[in-house]
Amino acid sequence: MKHPNGSGEFSKMGIATLIMMASIFLSRVTGIAREMVLAALAGAGTEVDAYRVAFVLPEILNHILASGFLSVTFIPIFSSYLAEKREIDGWRTFSNISTVFGALLIVLIIAGMIVAPTIVPMLAPGRQDPQFLALAVRMTRITLPAQFFFFAGGLLMAVQYAKKRFLFPALAPLIYNIGIIAGGWLLGRRLGVEGFCWGALAGACIGSFAIQIIGAVRIGIKFRPTIDLAHPDLKRYVLLTLPLMIGLTMVFSTELFSKFFGSFLPAGAIAWIDYAMRVMLMLVGFFGQAVGVASYPYMAQLAVQGRLSALNDVINTILRYLSIVIPLSILVVVLRHEIVYVLFERGRFSPEDTKMTALTLSCLMVGAIAFISQSVVNRGFYATQNTLLPAVFGTIAVVLSLPIYWAGLTLFGVAGVGLAISASAILQTLLLFSVWNRRSNNTDAGGVYRAYLNAAMGALVIGTLLWWVHGALQTSFAGQTLITSLVVIGVVSGIFVVLTGLWGWIFNIEAIHYVFSRIASLILRKSRRG
């Protein structure tokens, strides 16, 4: 692989990627632990459905302020000051954006609390029972203030990313999840699911805000409340952010539509979809989000330098390596029931909940590779400070997927909603990648398509063999227990590793060679130290 930014810079990007992979993997693990505690204490009924819906209005507020995109909208602005040796001016811009948008957000949070009884029923129109709506409104009001901490913390993390500091931002999702777990565990018996909401608020305050202040102080933050509406970089920030505010992104549309369409299904369906989504996102986060977040500062640097060909090389290489996710998705589909059983089936989470969550998980895994690839493709646009095109074409793809959601809901119920989520993700990613290729003259994009096609063909063969092994193991056990489920997961996963290694060796698959060579070098290092 040719590394266009030099071996030193790529080595730094690799270290940053490892930090973010570890952080995101641990955050997904703690996220799964959070879901396990929720499943055990509350199961998948009306109360949990209300809990899921309670996060939709805060998510809309987050989307309006584009808080989730601060690292990709503010980094280019702040990085340009660093490159020009004008760091003091960069901190003035930071202070101005923080003050103006922070004040606006506080007003919106208060307004959201007031209008929650009107908005929440519109978000889940299929569920109009008073108990459900009362719970959803109350928990919405608890979680809304967390958006301020996410916004302010997002800016604090962005300046740390710009200075190539990743440790404190890496702690944010871990502390957030631990806060939710603690809230549910300590307050759940007295407050029910509401305890998880108070934990989310505390986790956001500590992990996304308080800890990030410490990280920002370490890099020399200079903040002073400032309101300068005429500042050119405030206008520039608004222009970069506006398309993200009004556009429908993949993650936002998935969160919104899963609740909207899930509300027309029986009680518990929203929870089934969300439990399955958390399992799928663990894989997505470990690969796509970690690579995307860690590589973005370097992609932005290449874009600032005008090295578009080198930027294409980075994007194509990352996407080709991510093709390994396709066979991994097949492995999850084969083991879906055992995975859900091990993670969730205890306490109030019933066998029926396991069955329906596992079914939904298999449908979501169809689009896992699209969720992962999209995070990389989008950052190509963001690195060139083009937020308009991904917002426009992403919104087009989301609108085009609406009939798919309705058809899936009508024909297949909860499985149909899962398939619609996957179809929407695939459509959005294909559309955005084709637009990127045309604009950047990405002549090597064919290699990405070939890598994914080869991965899909190999995954089908491997999946067929694993399906047969899985069936044989199931018939050999009298019933399902935690031990037998772990045995099935272990045996099938071991065979998967062997078959995937053979596939990569026989057909000279780049992504497989890369993964196995990394594992081998890690083992050799440990053996030498030993």
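Tabulated values for the structure
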read-out	value
From the options Asn437, Asn442, residue that is open to solvent by less than 40 Å² (accessible area, probe 1.4 Å), part of a loop (DSSP other than H, G, I, E, B) and not aromatic (Phe, Trp, Tyr)	Asn442
Residues of segment 297-353 satisfying the condition of being over 30 Å from Gly43 (Cα atoms), assigned to a helix (DSSP H, G or I) and polar (S, T, N, Q)	Gln301, Ser309, Asn312, Asn316, Thr317, Ser323
Qualifying positions in segment 196-253 - of a type in the set (Phe, Trp, Tyr) and open to solvent by 40 Å² or more (accessible area, probe 1.4 Å)	Trp198, Phe209, Phe223
Number of positions in segment 459-513 that are in contact (Cβ under 8 Å) with a residue 60 or more places away in the chain and under 18 Å from Val342 (Cβ atoms)	11
Some residue of segment 413-421 being under 24 Å from Leu400 (Cα atoms), of a type in the set (Val, Ile, Thr) and without any contact (Cβ under 8 Å) to a residue 60 or more places away in the chain	no
Failed condition for Asp233, given (1) over 27 Å from the mean Cα position of the chain (by Cα); (2) not in a helix (DSSP H, G or I)	(2)
In segment 116-153, residue nearest to Ser98 (Cα to Cα) [restricted to those that are small (Gly, Ala, Ser) and either open to solvent by less than 10 Å² (accessible area, probe 1.4 Å) or part of a loop (DSSP other than H, G, I, E, B) (or both)]	Gly153
Residues (open to solvent by 10 Å² or more (accessible area, probe 1.4 Å) and outside any helix (DSSP H, G or I)) located in segment 254-275	Phe264, Leu265, Pro266, Ala267
Residue check, Thr484 over 19 Å from Leu322 (Cα atoms), over 22 Å from the mean Cα position of the chain (by Cα), assigned to a helix (DSSP H, G or I) and polar (S, T, N, Q)	yes
Selection within segment 308-365 - among the aromatic types (Phe, Trp, Tyr) and surrounded by fewer than 21 Cβ atoms within 10 Å (Cβ to Cβ)	Tyr321
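For (1) of a type in the set (Val, Ile, Thr); (2) touching a residue at least 60 places away in the same chain (Cβ under 8 Å), each residue gets a yes or a no:
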{"position": "Trp185", "(1), (2)": "no, yes"}
{"position": "Trp198", "(1), (2)": "no, no"}
{"position": "Cys205", "(1), (2)": "no, no"}
{"position": "Ile227", "(1), (2)": "yes, yes"}
{"position": "His231", "(1), (2)": "no, yes"}
{"position": "Tyr237", "(1), (2)": "no, yes"}
{"position": "Thr241", "(1), (2)": "yes, yes"}
{"position": "Thr249", "(1), (2)": "yes, yes"}
{"position": "Phe252", "(1), (2)": "no, yes"}
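The values are calculated or read from the model by the stated rules, or taken from the named source; none is laboratory data. Computed from a predicted model, the values in this text were never measured in an experiment. Cβ sites come from the backbone with ideal geometry, for glycine too, and all protein chains shown count toward neighbours. Side chains are part of the model used for accessible areas, which takes the heavy atoms of the whole protein and leaves out ligands, DNA and RNA. Shrake-Rupley method; radii C 1.70, N 1.55, O 1.52, S 1.80 Å.
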